Amino acid sequence: MTDEANETMNNKHSPMKDKIDILDRTPEELISDMELLGERPYRGEQVFQWLYQGAASFSEMTNLPKTLRRKLEGKYIIGKLKQLKRLVSSDKRTIKYLYLLADNNIIECVLMKYHYGNTLCLSTQVGCAMGCSFCASATGGLVRQLTAGEMMAQILEVNRDIAGLNWEPVSGVVLMGSGEPLDNYENTMKFLHQVHNPRGYNMSWRKITLSTCGLVPKIRLLADEEIGINLAVSLHAPNDKIRRKIMKIANAYTIEEVIGASKYYFEKTGRRVTFEYALISNVNDNPEHAFELSRLLKGFPNHVNLIPLNENRHSSQKRSQDAAIQRFVDILKSSGVNVTQRREMGLDIQGACGQLKTAYYEEL
Ligand code: SAH
């Protein structure tokens, strides 16, 4: 049977397939959908309020007439993620979730409890095409893009879960789970607008951070959107020679181009860019690398986030020794670089990129 015929068969037996994931609709799209359904536009806003307050079914939307609820059931599904695993760190401040998507792909996200609120690190793709040598998400390449609705579903699903713990709903998001958000530009932008929309999840731009391995033209495009989210750029090396050894993307764009795009981002948005730098033993953690990095970052407001490498089974690269990390930090500080060391939250629950999912597949 051809794939097409197979698809038709599946559709015949699964009416769900014809339905639209309502979480993938913007408030504006939903309002125009309402008009097509012969309803008043404000009904779309009511539906949105319900969805973002965590309604998991149309029957919960009690201020909508029954006839409308039935129409909605006929046209949409509310995208759901099935929780496969949930791991709480020993300090009870990090929860890692493994979710099954409707097509049986698996994604993961991590909730981090800070004094200022709960931040969700979410995934933007199943797998990743970028092929960074140290990253577990890159192991199987890119499987597929996530829709905006599937990104939103991660927030809503986690909110339902933490409500049971009496935790506040997610108040910030970082796009640092599996995937390269700028390699899924359109869906990511749609999602960002949905999260920000005052009629949607109503999160301020400043509570959102997007992390990229450095897709230069897309960073410039993002800067031109002038939405003022925080940008984190995975630099991980002080020169192109080292960067090319550990990041495939370094063959497409030089560090100079990456820094140029980051400066442009700052000029357009006024937001200070963060550079992520994973310290890998004897690869990028020598004192001269620290000096080289500080020279590179002179002259514009930025911030370096040092991450001691999370070792994983798919790479022989090792985490820097504590003494090397300290020396690196000291050199950057004394050279006037704004630097922090990433708190290693959730190490005991495989918090690093893609590691829980990889471990899960290996258990099967
Ligand atoms: N594609 C985006 C988001 C990826 S994950 C990006 O490249 O920025 C977020 C951060 O975790 C990135 O800086 C990534 O390089 C880093 N990372 C991935 N695997 C890691 C590991 N094993 N140890 C430390 N940092 C890692």
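Nothing in this text is a laboratory measurement; each read-out follows from the coordinates by a stated rule. Computed from a predicted model, the values in this text were never measured in an experiment. Neighbour counts run over all protein chains shown; Cβ positions are idealised from the backbone, glycine included.
Collect the residues in segment 21-49 that are surrounded by fewer than 19 Cβ atoms within 10 Å (Cβ to Cβ) and farther than 14 Å from residue 201 by Cβ, keeping them in residue-number order.
Those that are surrounded by fewer than 19 Cβ atoms within 10 Å (Cβ to Cβ) and farther than 14 Å from residue 201 by Cβ: 21, 28, 29, 32, 35, 36, 37, 38, 40, 41, 42, 46.
Does at least one position in segment 141-150 carry a residue that is crowded, with 24+ Cβ neighbours inside 10 Å and within 18 Å of residue 85 (Cα to Cα)?
yes
Scan segment 114-162 residue by residue and report those that are within 16 Å of the ligand (Cβ to nearest atom), part of a strand (DSSP E or B) and under 26 Å from residue 309 (Cα atoms).
Those that are within 16 Å of the ligand (Cβ to nearest atom), part of a strand (DSSP E or B) and under 26 Å from residue 309 (Cα atoms): 119, 120, 121, 125, 126, 127, 142, 143.
Conditions: (1) more than 16 Å from the ligand (Cβ to nearest atom); (2) closer than 17 Å to residue 151 by Cβ. Residue 220 meets all but one. Number of the miss?
All conditions pass for residue 220, except number (2).
So, residue 108, is that one more than 16 Å from the ligand (Cβ to nearest atom), in contact (Cβ under 8 Å) with a residue 60 or more places away in the chain and among the acidic types (Asp, Glu) or not?
Against the criterion (more than 16 Å from the ligand (Cβ to nearest atom), in contact (Cβ under 8 Å) with a residue 60 or more places away in the chain and among the acidic types (Asp, Glu)), residue 108 does not qualify.
Quick one: is residue 165 more than 11 Å from the chain's Cα centre (by Cα), closer than 20 Å to residue 106 by Cα and either more than 16 Å from the ligand (Cβ to nearest atom) or charged (D, E, K, R) (or both)?
Here the answer is no, as residue 165 does not meet what is asked.
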